[in-house]
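**Q** Encoded as structure tokens, here's the structure I'll be asking about.
The values are calculated or read from the model by the stated rules, or taken from the named source; none is laboratory data. Since the model is a prediction, treat every value here as computed from it, not as a measurement. Neighbour counts are summed over all protein chains in view; Cβ atoms, including those assigned to glycine, are modelled from backbone coordinates with ideal geometry.
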Amino acid sequence: MDEFRLEKVKKLKALGINPYPYSYVQKEHAAEIVSDFKSFEGKSVSVAGRIIRARELGKLYFLDLIDGSGKIQILARADVTSKESMDILGLLDAGDIIGVSGKVIRTKRGETSVEAEKITMLAKSLMTLPEKFHGLSDIELRYRKRYLDLVMNPEVREVFRKRARIIEFIRQFLIGRGYLEVETPILQQNYGGATAKPFVTHHNFLDTDMYLRIADELYLKRLIIGGLEKVFEFSKDFRNESVDANHNPEFTMLEFYEAYADYDAFMELIEKLLSSLVKELHGSYEFEYQGTTLGFTPPFKRIKLVDAIKEASNIDISLLTDAKAKEIAAKEKLDIPIKNAYHVADALFSKYIEPNISNPAFVIDYPSYMCPLTKDKRGNEKLSERFELFIAGRELANSYSELTDPVEQRTKFEEQDNERKKGDQEAPPSDEDFLEAISYGMPPTAGIGIGIDRLVALLTNSASLKEVILFPSVKPEQKKQKKE
């Protein structure tokens with residue numbers, strides 16, 4: 001805390017002014033006044049916000065005030081501003097939060113301003129705002145102190161407003177097609193629905209270990225079994241994995257499932273959803289991401305996974321076995337910790353195909369050993385009816401024609417259990433409760449998971465997920481050691 005500012009708090013109290021009052025009537029916002037000056041000119045308004053700049057010019061005082069909508073200038077002078085307000089003015093600093101009532105004018109320089117008649121102290125800042133915050137060499141500090149990032153950088157606030165718009169657009173798109181929004185457990189006694197290492201916790205009352213969900217898939221499928229034919233959830237998922245530009249251990253997923261549909265129907269649905277969303281945000285099916293123009297005019301390109309890898313590397317991953325996978329991993333110099341068929345096939349895709357995808361493309365028909373929750377490809381049991389959507393070299397969505405045969409599902413769960421015993425900690429365990437549920441009969445179903453953070457990063461031209469997650473995972477702050 002700043003000792004000089006603490007002294008100003010004492011002076012405010014000596015004047016009978018509460019530096020931290022209970023409320024304030026904010027009738028107008030900066031953006032509406034600035035954008036529609038003609039309607040507000042000469043009218044009395046009441047605004048509130050944080051001072052980000054203060055300067056004195058002769059007998060005039062100028063304050064730059066920001067609120068949730070934008071910035072507006074405050075003009076104060078003794079012949080207009082009340083005596084008490086002038087007393088407050090002398091004790092103000094950048095960072096303080098104030099309320100201002102007065103008439104809207106335009107200065108000689110043409111800047112829309114509020115000519116203050118009354119200034120109300122709303123919160124005295126005891127810390128000095130940083131002069132520069134966006135270009136810090138310790139970029140982690142921006143994420144750790146996101147509140148300052150939001151104060152100092154209007155473009156950051158705009159990213160999160162756009163994030164909210166994106167989520168609301170998707171929600172209304174699905175509701176308009178008869179989907180029901182639901183909620184499923186975050187704490188689970190058994191995790192599944194994806195290949196990932198979970199976070200483990202302990203429930204004291206039940207005296208049992210529990211897991212933060214890695215996906216909500218198996219619970220949403222239970223709802224399909226129960227007769228809710230179209231369901232979706234925006235879920236917080238947790239995976240005990242690396243932290244980088246494309247990964248955060250806590251992230252937001254959208255999953256939705258529809259009875260009687262298959263993956264072909266979902267490719268068409270996703271084309272419609274994303275192309276409509278892009279058009280809504282950008283006014284066109286094209287926009288720029290990191291220097292590249294992306295086009296979302298449907299239909300999107302289809303890439304057959306097995307054929308694409310075979311063409312690029314002469315390796316047929318549909319025939320891959322765990323024994324053969326280790327040999328290929330060595331030959332291709334694949335730097336992966338687990339060298340079974342699943343992980344080697346995935347690494348080959350990352351090496352040869354993924355980096356070359358720019359515009360939206362559905363990568364389709366994965367080998368069946370990569371798809372424990374998916375129906376076999378019609379006419380080819382070595383493949384599964386699965387697609388992943390890739391854009392600008394990133395996976396954005398994953399979808400299946402869902403496996404509904406309870407006997408085959410048990411077999412695939414047992415195969416996953418075998419992989420776990422071999423040391424693959426990302427392979428999820430069997431779920432007996434789900435196997436019982438699916439044994440009552442599950443209709444043909446299509447399902448999909450979409451990474452909301454990755455989608456927002458794409459649509460806001462953000463290179464890292466940390467730019468679109470308000471409080472991303474960061475390294476623990478190093479505590480300064482006291483000098484002896």
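**Q** Has the stretch 40-52 got at least one residue that is in contact with a Ser or Thr (Cβ under 6 Å, 6 or more places away or on another chain) and not small (G, A, S)? Can you show your working first?
**A** Within the stretch 40-52, the subset in contact with a Ser or Thr (Cβ under 6 Å, 6 or more places away or on another chain) is 46.
Filter again for not small (G, A, S), leaving none.
No, there is no match, as no residue in the stretch 40-52 is in contact with a Ser or Thr (Cβ under 6 Å, 6 or more places away or on another chain) and not small (G, A, S).
**Q** Give the residue that is surrounded by the most Cβ atoms within 10 Å (Cβ to Cβ), with candidates limited to residues of the stretch 335-362 that are modelled with pLDDT of 95 or more and not in a helix (DSSP H, G or I).
**A** The extreme case among them is P360.
**Q** Out of all the residues in the stretch 403-410, is one or more surrounded by 22 or more Cβ atoms within 10 Å (Cβ to Cβ), in the same structural domain as Q189 (by TED's automatic domain parsing) and not in a loop (DSSP other than H, G, I, E, B)?
**A** No, the stretch 403-410 contains no residue that is surrounded by 22 or more Cβ atoms within 10 Å (Cβ to Cβ), in the same structural domain as Q189 (by TED's automatic domain parsing) and not in a loop (DSSP other than H, G, I, E, B).
**Q** Among the candidates I270, I315, single out the residue that is crowded, with 17+ Cβ neighbours inside 10 Å and either outside the structural domain of A427 (by TED's automatic domain parsing) or part of a strand (DSSP E or B) (or both).
**A** The unique qualifying residue is I315.
**Q** While we're on this one: In the stretch 200-224, what residues are assigned to a loop (DSSP other than H, G, I, E, B) and under 16 Å from K236 (Cα atoms)?
**A** R213, I214, A215, D216
**Q** Given the conditions (1) assigned to a helix (DSSP H, G or I); (2) acidic (D, E); (3) not assigned by TED's automatic domain parsing to the domain that holds R213, and given that E436 satisfies all but one, which numbered condition is not satisfied?
**A** (3)
**Q** Got at least one residue in the stretch 290-307 being part of a helix (DSSP H, G or I) and either touching a residue at least 12 places away in the same chain (Cβ under 8 Å) or not acidic (D, E) (or both)?
**A** Step one: of the stretch 290-307, the residues part of a helix (DSSP H, G or I) are 305-307.
When the remaining residues are screened for being either touching a residue at least 12 places away in the same chain (Cβ under 8 Å) or not acidic (D, E) (or both), the result is 305-306.
Taking every residue of the stretch 290-307 in turn, at least one turns out to be part of a helix (DSSP H, G or I) and either touching a residue at least 12 places away in the same chain (Cβ under 8 Å) or not acidic (D, E) (or both).
**Q** Could you please find all residues in the stretch 279-288 being in contact with a helix residue (DSSP H, G or I) (Cβ under 7 Å, 6 or more places away or on another chain) and closer than 17 Å to A457 by Cβ?
**A** Of the residues in the stretch 279-288, the ones in contact with a helix residue (DSSP H, G or I) (Cβ under 7 Å, 6 or more places away or on another chain) are 280-281, 285, 287.
Within the stretch 279-288, L281, F287 qualify.
**Q** Name every residue in the stretch 258-302 that is closer than 18 Å to K162 by Cα and among the basic types (K, R), in order of residue number.
**A** Step one: filter the stretch 258-302 for residues closer than 18 Å to K162 by Cα, giving 273-290.
If the condition is that a residue be closer than 18 Å to K162 by Cα and among the basic types (K, R), then K279 is the only one that fits.
**Q** Still on this structure, I have one more. Considering each of E467, E402, E426 in turn, give the residue that is under 24 Å from G291 (Cβ atoms), acidic (D, E) and in contact with a Ser or Thr (Cβ under 8 Å, 6 or more places away or on another chain).
**A** Numbers: E402 fails: under 24 Å from G291 (Cβ atoms); E426 fails: under 24 Å from G291 (Cβ atoms).
Every option except E467 fails the conditions.
**Q** Right, something else. Tell me whether the stretch 399-407 contains one or more residues that are farther than 22 Å from E255 by Cα and of a type in the set (F, W, Y).
**A** No, the stretch 399-407 has no match at all.
**Q** Among the residues in the stretch 37-45, are any in a helix (DSSP H, G or I) and not hydrophobic (A, V, I, L, M, F, W, C)? Walk me through how you get there before you give the answer.
**A** At the first step, the residues of the stretch 37-45 found to be in a helix (DSSP H, G or I) are 37-40.
Then drop every residue that is not not hydrophobic (A, V, I, L, M, F, W, C), which leaves 38-39.
Yes, the stretch 37-45 contains at least one residue that is in a helix (DSSP H, G or I) and not hydrophobic (A, V, I, L, M, F, W, C).
**Q** Let me ask something additional. Those residues that are under 28 Å from the mean Cα position of the chain (by Cα) and hydroxyl-bearing (S, T, Y), I need them from the stretch 400-456; list them, please.
**A** Those that are under 28 Å from the mean Cα position of the chain (by Cα) and hydroxyl-bearing (S, T, Y): Y400, S401, T445.
**Q** So which residues in the stretch 144-185 are of a type in the set (D, E, K, R) and surrounded by 14 or more Cβ atoms within 10 Å (Cβ to Cβ)? Reasoning before the result, please.
**A** Initial filter on the stretch 144-185 (of a type in the set (D, E, K, R)): 144-146, 149, 155, 157-158, 161-163, 165, 168, 171, 177, 181, 183.
Hits for the stretch 144-185 are R144, K145, R146, D149, R157, K162, R163, R165, R171, R177.
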